[in-house]
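I have placed the structure first, in the form of structure tokens, so that the comments after it can refer back to it.
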Amino acid sequence: MTVLDTRTEVLSTRYQQAVADYWNKEKDPVNLRLGEVTGTFHHHYGIGDVDPSVFEGPEDTRDERIIREMHRLETAQADFLLDQLGDIGPEDRILDAGSGRGGTSFLANLRFGCHVDGISISEKQVRFANDQARQRGVADKVDFHFRNMLDNGFPAATVRAAWNNESTMYVDLFKLFEEHARVLKPGGRYVTITGCYNDVHGRQPSRAVSQIDAHYICDIHPRSDYFAAMSANNLVPISVVDLTAATIPYWELRAESSVATGIEQAFLTAYKEGSFHYLMIAADKV
């Protein structure tokens, strides 16, 4: 694990310290039990239709079937993100900003055979992910760092692709995209999958979106800010996909599971009323 000198150097504000503390203490079964299905631990949501066979079979194994299906849907989300990264070769280096317990990073290495650097402001997540890399025998290719995505410490123009998988709501978008543009090679690809509020409905988030903010101590951005921040930092969107309808089945299934956290109805309300969108945005550095 590569670590910058001290925690105060990585976490420059009290808010960042609070977010790091939250994830250092987090032991949410919705992340851990799903990851135990295949040993790949994600920290994001799922997309796609639910297999109806989940609701068939013995009642005493129903929840186990739901957990496995939720994990399949979250893996499908990560695979969809990786589909957007373009042509990545084994010698390329790519960056997972807000890498959590490493799920998307390991899938990227498995698919492309490339070097992957993950960064997180949670020391616990970094230790967990690096342990996973050693157990998987890929520590020479996949490395996780205790670093801040707004000041990641990597040399300029060295990264072929970078992404945020549901982690942009913790940072200032203009600063984030400035840092991504700095480390991306010319023509490099940036991808995010994120929840954002629909500012066509107003410049303030809806009540349901505010509930999500409070639950995760985050600050969900308006949709328009993503495109303004990209434009300001020479990142040109080449593809935008609205995944809102595709993620609703995951949330409906999660609401029926043993790992429901109580926030499921806020997500479903926000998505269905149109105040909240789940987007994939891919952009190239020019």
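The values are calculated or read from the model by the stated rules, or taken from the named source; none is laboratory data. Source: prediction; values computed, not measured. No Cβ is skipped: glycine too gets one built from the backbone with ideal geometry, and neighbour counts run over all protein chains shown. These accessible areas exclude ligands, DNA and RNA; they are computed on the full protein's heavy atoms, side chains included. Shrake-Rupley method; radii C 1.70, N 1.55, O 1.52, S 1.80 Å.
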| If we keep just the residues of segment 103-121 that are surrounded by 23 or more Cβ atoms within 10 Å (Cβ to Cβ) and of a type in the set (S, T, N, Q), which is nearest to ARG72 (Cα to Cα)? | THR104
| Which residues, taken from segment 187-211, are more than 19 Å from ILE94 (Cβ to Cβ), open to solvent by 20 Å² or more (accessible area, probe 1.4 Å) and either within 21 Å of the chain's Cα centre (by Cα) or not polar (S, T, N, Q) (or both)? | ASP199, VAL200, HIS201, GLY202, ARG203, PRO205, ARG207, SER210, GLN211
| query | Of the residues ALA214, ALA133, which is of a type in the set (A, V, I, L, M), surrounded by 21 or more Cβ atoms within 10 Å (Cβ to Cβ), assigned to a helix (DSSP H, G or I) and out of contact with any Lys or Arg (no Cβ under 7 Å at 6 or more places or on another chain)? | reply | ALA133
| remark: The residue that is surrounded by the fewest Cβ atoms within 10 Å (Cβ to Cβ), considering only those in segment 136-163 that are more than 21 Å from PRO186 (Cβ to Cβ) and small (Gly, Ala, Ser), is GLY137
| message | Going by what's in this entry, would ASP225 be described as acidic (Asp, Glu) and either loosely packed, with under 15 Cβ neighbours inside 10 Å or in contact with a Phe, Trp or Tyr (Cβ under 7 Å, 6 or more places away or on another chain) (or both)? | response | no
| field | Flag if HIS145 is modelled with pLDDT of 95 or more and under 22 Å from LEU32 (Cα atoms) | value | yes
| note | Inside segment 148-180, the number of residues satisfying the requirement of being touching a strand residue (DSSP E or B) at 6+ places or on another chain (Cβ under 8 Å) and without any contact (Cβ under 8 Å) to a residue 40 or more places away in the chain is 2
